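The values are calculated or read from the model by the stated rules, or taken from the named source; none is laboratory data. Keep in mind that this is a model prediction, so the values were computed, not measured. Ideal geometry is used to build each Cβ from the backbone, glycine not excepted, and the neighbour counts take in all protein chains shown.
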Amino acid sequence: MNFTTFLSAGVGVLADFSRDAALAAGLSTTRIRDLARVHDVYYGPTQFTRKQADALVLADGMPLDQLVHLEKKLAAVPSAAERWRIRLELLRHRGSFRALSKRIAKLIDDPTPPPKPACRFSRSRGGMRTMTMTYNERDLADLEHMLRAAISDDEPAAAQLADALFRVLRDGSALPRTTFRPMILVPVHDYLRIMGGAGDDVQLMLTDGTTMTGAEFLQQEFGDVLEVAAFHPQDGAVNLYRGERFANAKQRTLSKLMSPGCAFPDCRHSAETTQTHHMQAWKHGGMTNMDNLTELCAYHNGVNDDDRWLGWRGHIDTRGGRIRWIAPNGAEVATVTGAMEVLFG
């Protein structure tokens, strides 16, 4: 079997699936459990024989990983009849794993329990222990901001952040609270609701990756400074109006609003810890204009394909004023929800 044949292998390869044979072949118990779940759906006994037959036809050619993912998510649906209905609809999907996941999220209500405050410590290993912490997003954003201000960009961040954290803990330094700079970034009708005291349910996105409600917005101490960013429905950020203009600060602010986090797929870095990136590289004539700027973390700023024709890691570009990651195969992926998405959908 060559790689192309392997990629095209679908549900048909599970027709004679055997747990014992899979174990003997050295597959992990997790993989065996996943494949067994798919096999049972398409080849096991069921009272929905007509739907099973239809599903078998629709599943032909669908990658096994997508079928496994689909069945894992369907486990959250309590009704067997409803599972078959959703399954048949999703089996008509042809596309990327990411696109399937988004489609599943729209059809299957899988409520995730909200995280609770927690701090956990691992056992010692090699003279080290691991600490994991879950806490209020605002407080941890403040902590990250404080720690990153104390590290160098010339060395890997992780070890420096750990050292900086323990310097704070040992010295007893107080954690300052970040002062927000309000930006009018919501559609006008939502802004008017907030200012009228009826916008408690309006969610605002901040450039440090956190959120706040309309009510929390009104509770902040903003002083007498208010900034208003203007956006065009197709071209994106237009200008920033303020009493005093500092070009670099203005462009950085607008860039953070267009991309409130690193624009590479699945990157967790918020715009408060990123670098402003030229989408068309400076060395290739790219200008320092708003239509050529976005936010990337230091790592992705380094690996982005400035030489786009090489097609190694993909690059960032805009489509209709919206930030997109362009994969090496040319596929366009929306990765961040910024001002354009908030204002114009």
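Of all residues being under 17 Å from Ala271 (Cβ atoms) and not in a strand (DSSP E or B) in the stretch 309-337, which is modelled with the highest pLDDT? Just the residue, please.
Applying the filter and picking the extreme gives Ala334.
Determine which single condition Val41 fails, assuming it passes every other condition in (1) in a helix (DSSP H, G or I); (2) over 30 Å from the mean Cα position of the chain (by Cα); (3) without any contact (Cβ under 8 Å) to a residue 12 or more places away in the chain.
(3)
The rows are residues; the columns are (1) of a type in the set (D, E, K, R); (2) in contact with a His (Cβ under 7 Å, 6 or more places away or on another chain); (3) under 20 Å from Asp153 (Cα atoms).
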residue: Ser270; (1), (2), (3): no, no, yes
residue: Met279; (1), (2), (3): no, no, no
residue: Gly286; (1), (2), (3): no, yes, no
residue: Arg308; (1), (2), (3): yes, yes, no
residue: Trp312; (1), (2), (3): no, no, no
residue: Arg324; (1), (2), (3): yes, no, no
